[in-house]
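As structure tokens, the structure follows; a few thoughts come after it.
The values are calculated or read from the model by the stated rules, or taken from the named source; none is laboratory data. In this text, all values refer to a predicted model and were calculated from it rather than measured experimentally. Note that we place each Cβ from the backbone using ideal geometry, even for glycine, and neighbour counts take in every protein chain shown.
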Amino acid sequence: MNSNRQFTDTVSADAISAGYIYQLYYFILRLLQMKSDESVGFEVCEDVHIELDNSNQILVQVKHTVQDSADGTPVNLTTMDIDLWKTLHNWSKIITDENSGRGTARKQEEFIDKTDFLLTSNKKSNENNDFICLLSKYKYGDVTFAEVQSVISSIKNRTKNKQIIPYIEEVLSLSDNVLSEFLYKIGFDLGQDDIIGECKQAMRVKLIPENKIEETWQYFSSAVLENCFNLIRNRKQVVISFDEFFKNYQRFFDKARSGKLAFCRHTDSLPPEALDEQIFIKQLIDIGDIPASNFEEMLKFTMQKLRLEDNLLRFVTDGVLTSREVKDFDEDAIVRWENIFRRVYRQIASSKDELKQRALAVLDEIRQTQLAIDFQELEIALSNGEYYHLSDVLRIGWRKDWKEFYQSGGNDDSSI
């Protein structure tokens, strides 16, 4: 059979990968919502399971689709949806698992009594889903158990999907009492498309300031995913209790609530294509700090500058800092540079080489200077980024004649 798909299309991320990532983020959401004396597991008893403080549990099947409806939103969960019946089949198999000691109807009923079954998905809820509508009526006593059995049987007879038929048969094979109780314990949490947004909302509930949500989420979610990977790699079950959660992750939330500025460690800003055309880079090249061919160093220094600029802009935009505070921060940095600059150049230099060495001495000392804003010390990379920013807008420089030289175009290099 001919195919127009490229080989890379067959090995790229697909629906299965998206589904697995979705499960992980749902696991994180449940961690954020966990109460004391509870625990949450990932792919142990189910996709996700929650052990409650009353010795009961919730088994969660997490289903994700990349299929969109006409309006661009995920498709509905339909009556004949294979995700629906495969989930009910899996739960039926769990209920009747003889290896877990549930070979009798009595044991199965005891298990159901302590278990809730939840199907969560980014698929939308659907008023035309015969089974979900029937289940709701059954729970409210509007239809009988016999009517439910009859409708499930009719769904099996109507479907043209041969995969679904054995799934439905497994559900119907449960004894009447077991199936009756099972139906009462089934729930749906549909339309969960923005799972990361739900996680961030759960963080807001934990009183994380709005301006610190993004930074805290990046650190926290990365730490959880790394922990999951290490547990799986070491063939250990991924089950996190509330006490373990508090011990391993509470620091992220305490830090966010501390009132300190949350500096993002990365920036979405792209560096300019011509790195060496930036004024601050020209200044570094001219005094011999970096060779004109070392674009790796140019990129590193550029990203430090962009990260500092982006963080300050974000703080002002979010109302965390005022423009006046940022201006005072610039002025403080300039005064620190000026004191070093005056001291280094106080004595007259005897040669161009000595002038260059003094320019490097100013730069070297500045790179060790740790700045502060809003009474909070910045890390050295951000402090360096501030000085690269100031030298890029020609408010400071390294060579003795930096202002005149670069304002005139920087073409005559005879003075150094």
Total residues in the stretch 182-201, condition in a helix (DSSP H, G or I) and crowded, with 18+ Cβ neighbours inside 10 Å: 5
Of residues in the stretch 264-280 being without any contact (Cβ under 8 Å) to a residue 24 or more places away in the chain and in a helix (DSSP H, G or I), the one surrounded by the fewest Cβ atoms within 10 Å (Cβ to Cβ): GLU277
Residues of the stretch 301-328 satisfying the condition of being over 24 Å from the mean Cα position of the chain (by Cα) and either under 16 Å from LEU394 (Cα atoms) or not assigned by TED's automatic domain parsing to the domain that holds ALA372 (or both): THR302, LYS305, LYS327
Filtered residues of the stretch 375-399 (kept if more than 12 Å from ASP332 (Cα to Cα) and among the acidic types (Asp, Glu)): GLU377, GLU379, ASP392
Output for the stretch 68-93, where each listed residue is among the polar types (S, T, N, Q) and at pLDDT below 95: SER69, THR73, ASN76, THR78, THR79
Residue among PHE182, PHE242 that is in contact with a strand residue (DSSP E or B) (Cβ under 9 Å, 6 or more places away or on another chain) and within 24 Å of LEU77 (Cβ to Cβ): PHE182
Test for SER293: is it polar (S, T, N, Q), outside any helix (DSSP H, G or I), more than 19 Å from HIS389 (Cα to Cα) and under 34 Å from the mean Cα position of the chain (by Cα): no
Test: GLU365 is under 40 Å from the mean Cα position of the chain (by Cα) and in the same structural domain as PHE341 (by TED's automatic domain parsing): yes
Subset of the stretch 83-110 (residues that are of a type outside the set (D, E, K, R) and either outside the structural domain of PHE131 (by TED's automatic domain parsing) or under 30 Å from ASN126 (Cβ atoms) (or both)): LEU84, TRP85, THR87, LEU88, HIS89, ASN90, TRP91, SER92, ILE94, ILE95, THR96, GLN108
Yes/no for LEU31 being under 21 Å from PHE229 (Cα atoms), in contact with a helix residue (DSSP H, G or I) (Cβ under 7 Å, 6 or more places away or on another chain) and not small (Gly, Ala, Ser): yes
Criterion: surrounded by 18 or more Cβ atoms within 10 Å (Cβ to Cβ) and closer than 20 Å to GLU325 by Cα - qualifying residue of ILE380, ILE366, ILE396: ILE396
The stretch 185-199 residues that are in contact (Cβ under 8 Å) with a residue 24 or more places away in the chain, paired with ones that are among the hydrophobic types (A, V, I, L, M, F, W, C) and in a loop (DSSP other than H, G, I, E, B) (beta carbon under 6 Å, 6 or more apart): LEU190/LEU77
Hits in the stretch 115-168 - residues which are among the aliphatic types (A, V, I, L, M) and within 23 Å of GLU46 (Cα to Cα): LEU118, LEU119, ILE132, LEU135, ILE164, ILE165, ILE168
The stretch 251-290, residues that are of a type in the set (S, T, N, Q) and closer than 30 Å to ARG358 by Cα: GLN278, GLN283
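To keep it simple, each residue is scored yes or no on (1) surrounded by 13 or more Cβ atoms within 10 Å (Cβ to Cβ); (2) touching a residue at least 12 places away in the same chain (Cβ under 8 Å).
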residue	(1), (2)
ARG251	yes, no
LEU284	yes, yes
ILE287	yes, yes
PRO291	no, no
ARG307	yes, yes
SER323	no, no
Only one of THR120, THR96 that is over 32 Å from the mean Cα position of the chain (by Cα), surrounded by 16 or more Cβ atoms within 10 Å (Cβ to Cβ), at pLDDT 95 or above and β-branched (Val, Ile, Thr): THR96
Hits in the stretch 316-367 (condition: under 17 Å from LEU382 (Cβ atoms) and of a type in the set (Gly, Ala, Ser)): ALA333
Meets criteria (under 28 Å from PRO74 (Cα atoms), in contact (Cβ under 8 Å) with a residue 40 or more places away in the chain and assigned by TED's automatic domain parsing to the domain that holds VAL60) for GLU214: yes
Pick from the stretch 101-135, criterion part of a helix (DSSP H, G or I) and of a type in the set (Phe, Trp, Tyr), ranking: nearest to VAL60 (Cα to Cα): PHE111
Selection count, the stretch 123-160, where residues are on the phi > 0 side of the Ramachandran plot and either in contact with a helix residue (DSSP H, G or I) (Cβ under 7 Å, 6 or more places away or on another chain) or modelled with pLDDT of 95 or more (or both): 0
